[in-house]
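Each value in this text was obtained by applying a stated rule to the coordinates, not by laboratory testing. Source: prediction; values computed, not measured. Because the Cβ atoms are built from the backbone with ideal geometry, glycine has one as well, and the counts that use them run over all protein chains shown.
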Amino acid sequence: MRSARRHSRLARAKTKASGKSERDMALIDEAAAVRDNAYAPYSAFRVGAAVRAGSGAVFTGVNVENAAYPEGTCAEAGAIAAMVAAGETAIAEVAVIADCPDPVAPCGGCRQKIAEFAGPDVVVTMGTVAGARAQLTVRDMLPGAFAKSSMDKA
Ligand code: THU
């Protein structure tokens with residue numbers, strides 16, 4: 001859905017605070033909108049992600065691939081990096097979307113990246129472009145996560 005109305009609403013929201021948009025779209029819609037900017041010439045698998053930070057501000061990211069394949073980065077990593085660069089370190093909500101048969105599953109590395117900033121009850125919404133949705137808590141998405149406390153001395 002690329003209506004002019006939706007785009008002007010997004011543009012208006014984004015002028016409010018340096019690229020952050022406010023609570024005027026479902027987070028999965030923010031992820032779907034930014035997915036248009038994914039750079040995926042190698043896999044042709046475009047992914048969009050959005051995180052709502054503790055302040056309520058939304059940060060988005062896309063996958064950015066590279067001719068040196070391992071240098072590519074995931075959409076979730078981009079959204080998290082934007083959040084941290086803006087001075088926020090708490091994730092309240094996550095959404096990720098791609099064009100696949102079932103709601104896109106964040107990769108293992110991204111589950112770990114999300115768990116760094118999100119508590120166990122934070123909800124991750126996964127979607128498909130066709131409209132399927134699924135939700136998991138961070139607890140269920142990465143049971144037994146390695147965390148800062150894992151490095152405490154016994
Ligand atoms: N990808 C993401 O952006 N997020 C995920 O959680 C799964 C995979 C991207 C990485 C790569 O550019 C493409 O999807 C295919 O693996």
Summed residue charge, Cβ within 10 Å of residue 75's Cβ, Lys/Arg positive, Asp/Glu negative: +1
Give me a comma-separated list of calculated 3J(HN,Hα) values for segment 120-137, in order, Karplus coefficients 6.51, -1.76, 1.60 applied at θ = phi - 60°, integers in Hz, x for any Gly or Pro. x, 8, 5, 9, 10, 9, 10, x, 10, 4, 6, x, 5, 9, 8, 9, 9, 7
Can you compute 3J(HN,Hα) from phi for each residue in segment 63-74, using the Karplus curve 6.51 cos²θ - 1.76 cosθ + 1.60 with θ = phi - 60°, rounded to whole Hz and x for Gly and Pro? 6, 10, 8, 8, 4, 8, 3, x, 7, x, 10, 7
Using amide H atoms built in the peptide plane, which far-off residues or other-chain residues are under 5 Å from residue 25 H to H? none
Length added when fully stretched, residue 151-residue 67, from 0.36 nm per residue minus Cα-Cα: 26.7 nm
Can you work out the Karplus-derived ³J(HN,Hα) for every residue in segment 43-52? Use 6.51 cos²θ - 1.76 cosθ + 1.60 with θ = phi - 60°, whole Hz, and x for glycine or proline. 8, 6, 10, 8, 10, x, 9, 9, 10, 9
Please state the shape class of segment 26-80: rounded when a/c is under 1.5, otherwise prolate if a/b exceeds b/c and oblate if not, all from the C-alpha gyration tensor. oblate
Centroid-to-centroid separation of segment 68-117 and segment 35-61 [C-alpha atoms, Å]: 8 Å
For segment 61-103, shape from the Cα gyration tensor axes a ≥ b ≥ c, cut at a/c of 1.5 then a/b versus b/c, turns out oblate
Fewest-first ordering of 113, 153 by Cβ atoms within 10 Å yields 153, 113
Answer in debye to the nearest 20: the dipole magnitude of segment 74-154 about its Cα centre, from +1 Lys/Arg and -1 Asp/Glu charges placed on Cβ, is 200 debye
Based on the Cβ-Cβ distance of residue 89 and residue 137, what FRET efficiency does E = 1/(1 + (r/R0)^6) give at R0 = 25 Å, to the nearest 0.05? 0.80
